[in-house]
Amino acid sequence: MESTARSFKENAHHALGDARLTEALARLAHGFPARRRDAAARLPEFDQLRDAARDIKDHVLDNLDVYLDRFEKQVIASGGRVHWCRDAVEARDAILKICQAADARTVTKSKSMIGEEIAINDHLEAHAIVPVETDLGEYIIQLRHEPPSHLIAPAIHLSMDQVADAFRAHHTDLDPARPLVEPRALLDEARTRLRERFLKADVGLTGANMLIAETGSIVIVTNEGNADLTCSLPRVHIALASIEKIVPTLEDAATILRVLARSATGQEISVYTTFVTGPRRADDADGPEEFHVVLLDNGRSALLGSEFHEMLRCIRCGACLNHCPVYGAVGGHAYGWVYSGPMGAVLVPGLIGLPEAQHLPNASTLCGRCESVCPMRIPLPKMLRHWRERQHATHESPAIARAALKVWSFLARHPALYRAVFGLGVSFLASLGRRKGRFRWLPFAGGWTSVRDLPAPEARSFLLQWRQRNPGTRT
Amino acid sequence: MSSRTDILANIRRSLARKPRVTSQSPADRLAALRPGVQPSRGRLPADRRLALFMAEAVRADATAEAVASFADVPGRVAAYLARHNLGAALRVAPLTRRDNIPWSKQPLLTPDFGPPRPEDSVGVGAAFAGVAETGTLVIQSGPESPTRLNVLPPTHIVVLRASAIVGTYEDVWARLRTERASKDGPTMPRTVNWITGPSRTADIEQTLLLGAHGPQRLHILIVNDLKDTVADGGFERG
Ligand code: SF4
């Protein structure tokens with residue numbers, strides 16, 4: 001997918017002015033966090049399971065080469081094939097080749113973030129193969145030619161009338177008199193259309209939530225059941241997964257499943273958890289004749305062993321997005337690439353490069369809510385700071401911020417001057433904002449004050465107050 | 001260099017930069033198959049597992065009823081269909097034949113054991129296990145168990161033996177490994193489907209709707225065979 005991460009500031013500005021988006025994000029903020037909290041409260045072992053889930057992935061990452069090798073052996077033993085792909089180009093080609101060998105005209109797809117990462121739909125379309133997204137949210141945004149705006153709720157940014165408009169624009173034989181003003185009517189319309197596509201598809205392309213080294217199985221989790229139709233009806237099943245999705249055993253998969261849905265939607269478990277191992281057996285009643293796993297690196301092996309190593313534990317539950325004040329204000333599209341929210345702000349610079357994603361590590365207040373809810377206990381704020389440090393070290397932070405920091409560090413080394421300058425500044429600002437205790441506008445801070453007020457400082461600086469209350473201590 | 005060699009070499013090079021944080025070897029872990037943290041709520045005797053399974057399945061929007069024997073199944077199915085104004089045509093997984101369900105006791109029902117079709121309105125399948133901790137059904141694919149039966153028909157009825165209700169997910173794996181063991185070790189079926197409640201989506205304005213692509217209704221008929229089974233159901237990991 002093309003990135004617009006460079007324009008994060010403009011994207012965010014635009015998002016803040018979008019009333020429909022604000023409404024949609026408010027719905028999200030009211031729903032997911034409370035449901036997650038209730039689900040966690042219902043399971044006394046929840047935090048212990050988070051530790052166990054973290055330990056599983058730590059162990060896998062320590063031995064990733066061994067587990068990938070074992071996984072491949074087991075896939076082959078069960079009659080499937082593994083295609084190793086260094087980058088998006090290789091993965092696109094591998095998938096295209098499989099589709100062409102199957103003479104495919106239609107490919108049904110269940111949701112895959114890796115599919116977004118490698119922009120597989122564009123590639124298939126360019127070769128006259130029609131990709132059909134089948135997750136309801138993904139289907140809607142495919143019609144609108146948009147990327148997903150959330151890991152597990154890709155169309156979270158849309159209102160019902162926008163969905164109805166998309167259906168009317170694309171389902172051209174739809175009776176104009178038929179009302180589409182209820183969510184149920186929209187679902188029925190999509191279900192009927194997609195049923196036809198499911199039945200005609202030549203290839204089914206799914207993601208994978210996990211890969212199990214013990215058995216060579218892939219695990220697919222959905223609530224709709226679309227992945228099961230995708231991998232059971234067509235003649236060929238392709239599962240697309242990145243290399244860090246490995247877990248050692250079926251037991252380990254169970255542990256991670258216990259924290260996944262609870263963190264994501266607050267369900268005890270998602271409706272459909274499907275373990276797929278190889279193609280149909282000779283005497284099976286149904287199932288595809290071919291089973292392929294397309295295994296993608298795309299920069300992940302380089303993150304191993306770096307200060308971003310722990311990011312590879314991520315299971316894409318979306319909890320950090322749901323609890324992030326920045327995501328909650330600007331939504332997913334502002335981040336400009338496939339992944340958004342705190343996990344996106346850490347992962348995207350690692351995958352598409354820091355220069356392109358330079359604003360993302362700064363799109364955070366480092367409030368720490370993300371880390372406190374992450375089922376895999378990923379220290380997201382710490383890693384955001386690592387990116388900021390790198391940015392500073394490689395002179396990629398904005399010139400004005402660098403200049404300001406230089407001035408600050410000079411002053412910090414000269415305490416008397418520090419006190420004089422900041423004391424002056426503080427009393428000046430305080431006198432400006434004295435009447436209301438806050439600013440509606442400040443010179444050079446329009447970016448802040450256009451959307452919120454800035455509290456005015458106390459008339460005396462912290463240092464001054466400290467000295468007055470604690471006479472005799474050094475400051 | 002092939003992509004495979006290249007990726008594996010990159011992984012090894014990257015890992016060498018950093019001390020390991022875990023000590024177990026992959027070979028040991030794969031040999032041990034050690035269960036992790038299992039919720040205490042699943043560690044129950046068989047009769048209480050049945051109650052928990054039903055409560056959790058209902059929480060997930062399924063419906064469940066216990067029946068005394070397989071002979072009662074046709075009557076309960078007919079009543080369920082009547083309650084929901086559904087027709088009498090059933091697509092039945094051949095696997096249920098092992099249970100000798102006397103369908104002829106309900107002459108109005110028309111069970112068909114052929115391959116599932118898109119127009120089927122009611123599917124009847126057989127579960128390999130039920131998991132009490134979350135009210136989850138476990139269904140295996142196989143020669144007599146087509147996977148599409150789980151998702152094509154809008155109404156899904158599943159027959160489950162009470163003795164096949166285990167406490168936790170780990171118990172399912174233990175049972176599956178035992179039952180499918182062969183000389184080369186256990187072999188997974190093409191699919192193991194865990195199903196918890198009917199299909200759903202919240203993709204339109206976060207409104208929860210049942211019956212997205214899979215069934216809108218999931219009804220579980222639990223045949224209470226506990227009195228016939230030894231002590232504690234026998235499926236618990238020792
Ligand atoms: S970083 Fe943690 S909370 Fe965020 S998506 Fe990944 S696993 Fe979930």
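The values are calculated or read from the model by the stated rules, or taken from the named source; none is laboratory data. What you see is a predicted model; the values in this text were computed from it and never measured. Neighbour counts are summed over all protein chains in view; Cβ atoms, including those assigned to glycine, are modelled from backbone coordinates with ideal geometry.
The criterion of at least 3 residues that are free of Cβ contacts under 8 Å to residues at least 40 places away in the same chain is met by the following strands (runs of 3 or more DSSP E) wholly inside the range B:107-146: B:110-112. Selection of first residues in the range B:179-198 that are more than 7 Å from chain A (Cβ to nearest Cβ) and of second residues that are modelled with pLDDT under 90 and in a strand (DSSP E or B), restricted to Cβ pairs under 7 Å at least 6 apart or on distinct chains, gives the following pairs, ordered by first then second residue: B:R180/B:P186. Scanning the range A:321-358 for residues that are within 13 Å of the ligand (Cβ to nearest atom) and outside any helix (DSSP H, G or I), we see that the one that is nearest to the other protein chains (Cβ to nearest Cβ) is A:G332.
Of all residues in the range B:39-87, those satisfying the criterion of being among the aliphatic types (A, V, I, L, M), out of contact with any Leu (no Cβ under 8 Å at 6 or more places or on another chain) and part of a loop (DSSP other than H, G, I, E, B) are B:A60, B:A68, B:L86. Considered as a group, the residues in the range A:377-394 that are in a helix (DSSP H, G or I) and within 16 Å of the ligand (Cβ to nearest atom) include one that is surrounded by the most Cβ atoms within 10 Å (Cβ to Cβ), and that residue is A:L380. Which condition does B:L30 not pass, out of (1) assigned to a helix (DSSP H, G or I); (2) facing another protein chain (nearest Cβ under 10 Å); (3) buried (at least 20 other Cβ atoms within 10 Å of the Cβ), if it passes all the others? B:L30 satisfies all of (1) assigned to a helix (DSSP H, G or I); (2) facing another protein chain (nearest Cβ under 10 Å); (3) buried (at least 20 other Cβ atoms within 10 Å of the Cβ) except (3).
Of the residues screened, A:E133 is not one that is in contact (Cβ under 8 Å) with a residue 60 or more places away in the chain and over 13 Å from A:R92 (Cα atoms).
From the list A:A153, A:A104, the one residue that fits, being within 16 Å of the ligand (Cβ to nearest atom) and touching a Leu at 6+ places or on another chain (Cβ under 9 Å), is A:A153.
Residues that are more than 15 Å from A:H292 (Cα to Cα) and crowded, with 24+ Cβ neighbours inside 10 Å within the range A:199-208 comprise just one, A:A201. Would you mind telling me which numbered condition in (1) within 14 Å of chain A (Cβ to nearest Cβ); (2) modelled with pLDDT of 95 or more B:T96 fails? So the condition that B:T96 fails would be (2). Within the range A:66-85, the only residue that satisfies the criterion of being acidic (D, E) and surrounded by fewer than 20 Cβ atoms within 10 Å (Cβ to Cβ) is A:D69. Any residue in the range B:175-184 that is within 15 Å of the chain's Cα centre (by Cα) and over 22 Å from B:R59 (Cα atoms)? For the range B:175-184, residues within 15 Å of the chain's Cα centre (by Cα) and over 22 Å from B:R59 (Cα atoms): present. Residues in the range B:199-225 that are at the interface with another protein chain (Cβ under 7 Å from one of its Cβ atoms) and under 15 Å from the mean Cα position of the chain (by Cα): B:S199, B:G214.
Within the range A:362-369, does at least one residue satisfy the condition of being surrounded by 21 or more Cβ atoms within 10 Å (Cβ to Cβ), closer than 23 Å to A:T4 by Cα and out of contact with any His (no Cβ under 7 Å at 6 or more places or on another chain)? Yes, that holds for at least one residue.
Those residues that are loosely packed, with under 14 Cβ neighbours inside 10 Å, more than 37 Å from the chain's Cα centre (by Cα) and within 7 Å of another protein chain (Cβ to nearest Cβ), I need them from the range B:17-27; list them, please. Correct list: B:R17, B:R20. Need a quick list: helices (runs of 4 or more DSSP H) entirely within the range A:50-143 having at least 2 residues that are farther than 21 Å from A:L304 by Cβ, among the aliphatic types (A, V, I, L, M) and out of contact with any strand residue (DSSP E or B) (no Cβ under 9 Å at 6 or more places or on another chain). Hits in the range A:50-143: A:88-101. Examine the range A:297-311 for a residue that is within 24 Å of A:G115 (Cβ to Cβ), part of a strand (DSSP E or B) and out of contact with any Asp or Glu (no Cβ under 6 Å at 6 or more places or on another chain), and state whether such a residue exists. Scanning the range A:297-311 turns up no residue that is within 24 Å of A:G115 (Cβ to Cβ), part of a strand (DSSP E or B) and out of contact with any Asp or Glu (no Cβ under 6 Å at 6 or more places or on another chain). Going by what's in this entry, would A:V293 be described as touching a Lys or Arg at 6+ places or on another chain (Cβ under 8 Å), away from the ligand (no atom under 16 Å from the Cβ) and more than 12 Å from chain B (Cβ to nearest Cβ)? Here the answer is yes, as A:V293 does meet what is asked.
Among the residues of the range A:301-320, the one identified as free of Cβ contacts under 8 Å to residues at least 60 places away in the same chain and either within 14 Å of the ligand (Cβ to nearest atom) or more than 9 Å from every other protein chain (Cβ to nearest Cβ) (or both) is A:L303. Would you confirm, using the coordinates I've provided, whether B:P118 is at the interface with chain A (Cβ under 7 Å from one of its Cβ atoms), within 14 Å of B:G214 (Cα to Cα) and of a type outside the set (S, T, N, Q)? Yes: the conditions hold for B:P118.
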